[in-house]
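What follows is a single structure, written as structure tokens, with notes after it.
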Amino acid sequence: MSAYLQHEERIDVFSFLASFEGICGLLIDLDLYVFNKAGELIDCQPIWNGKAAVALSGKELREAQIMIGPPISVSVRRPIMQDMIRDHHGFEAGFSLVPEKRLVELSTVPERIWRAWQQSGSLNKGRKALGLLDGFLLW
């Protein structure tokens with residue numbers, strides 16, 4: 001799927017793959033934050049089963065700064081900035097691009113980081129209704 005900006009710059013949907021040290025996945029509410037080189041938020045998408053999809057131009061992707069972290073409350077009335085994500089134990093992810101598949105592989109989130117998310121209470125609350133929430137779960 002592609003679209004074009006006013007400057008004729010192609011926009012593609014890229015799949016971002018997240019991995020976590022020591023386990024195959026987490027049932028923690030996490031978001032993927034994509035910032036431009038000026039530190040302004042371009043997009044924020046939920047990570048589900050280790051994947052998120054974001055529409056970006058090639059230039060935006062080349063200059064992107066990627067972070068993973070717990071969702072920021074919608075009640076926050078100021079722009080989401082990188083420092084805000086860092087304050088919530090966010091992880092700055094390096095990445096490599098597989099252009100022919102429009103796939104972005106993110107660097108592995110260290111165990112000490114995802115354990116901080118676990119302790120911060122950002123478990124996926126939507127799982128509770130399914131009876132799957134017992135403190136910390138893997139998928």
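The values are calculated or read from the model by the stated rules, or taken from the named source; none is laboratory data. Remember, it's a predicted structure, so these values are computed and weren't measured experimentally. Note that we place each Cβ from the backbone using ideal geometry, even for glycine, and neighbour counts take in every protein chain shown.
Here are some conditions: (1) under 25 Å from residue 10 (Cβ atoms); (2) buried (at least 19 other Cβ atoms within 10 Å of the Cβ); (3) in contact with a Phe, Trp or Tyr (Cβ under 7 Å, 6 or more places away or on another chain). Residue 93 meets all but one. Which one does it not meet?
Looking at each condition in turn, residue 93 falls short on (3).
Find the strands (runs of 3 or more DSSP E) located wholly in the stretch 8-96 whose residues include 1 or more that are farther than 21 Å from residue 110 by Cβ, modelled with pLDDT of 90 or more and under 14 Å from the mean Cα position of the chain (by Cα), and list them.
10-17, 41-46, 51-57
Tell me, which residue of the stretch 73-90 that is under 22 Å from residue 118 (Cα atoms) and either of a type in the set (Lys, Arg) or touching a Cys at 6+ places or on another chain (Cβ under 8 Å) (or both) is surrounded by the most Cβ atoms within 10 Å (Cβ to Cβ)?
In this case the residue turns out to be 80.
For the stretch 29-63, name all the residues that are surrounded by fewer than 19 Cβ atoms within 10 Å (Cβ to Cβ), touching a strand residue (DSSP E or B) at 6+ places or on another chain (Cβ under 8 Å), within 28 Å of residue 115 (Cβ to Cβ) and of a type outside the set (Asp, Glu).
Across the stretch 29-63, the qualifying residues are 39, 41, 44, 45, 46, 50, 51, 53.
Against the definition (modelled with pLDDT under 90, more than 20 Å from residue 16 (Cα to Cα) and under 16 Å from the mean Cα position of the chain (by Cα)), how does residue 120 come out, yes or no?
No; evaluated as a whole, the condition is false for this residue.
So that you can scan it fast, the table gives a plain yes or no per residue for (1) closer than 28 Å to residue 9 by Cβ; (2) in contact with a Ser or Thr (Cβ under 8 Å, 6 or more places away or on another chain):
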| site | (1), (2) |
| --- | --- |
| 44 | yes, no |
| 52 | yes, yes |
| 60 | yes, no |
| 68 | yes, no |
| 82 | yes, no |
| 86 | no, no |
| 89 | no, yes |
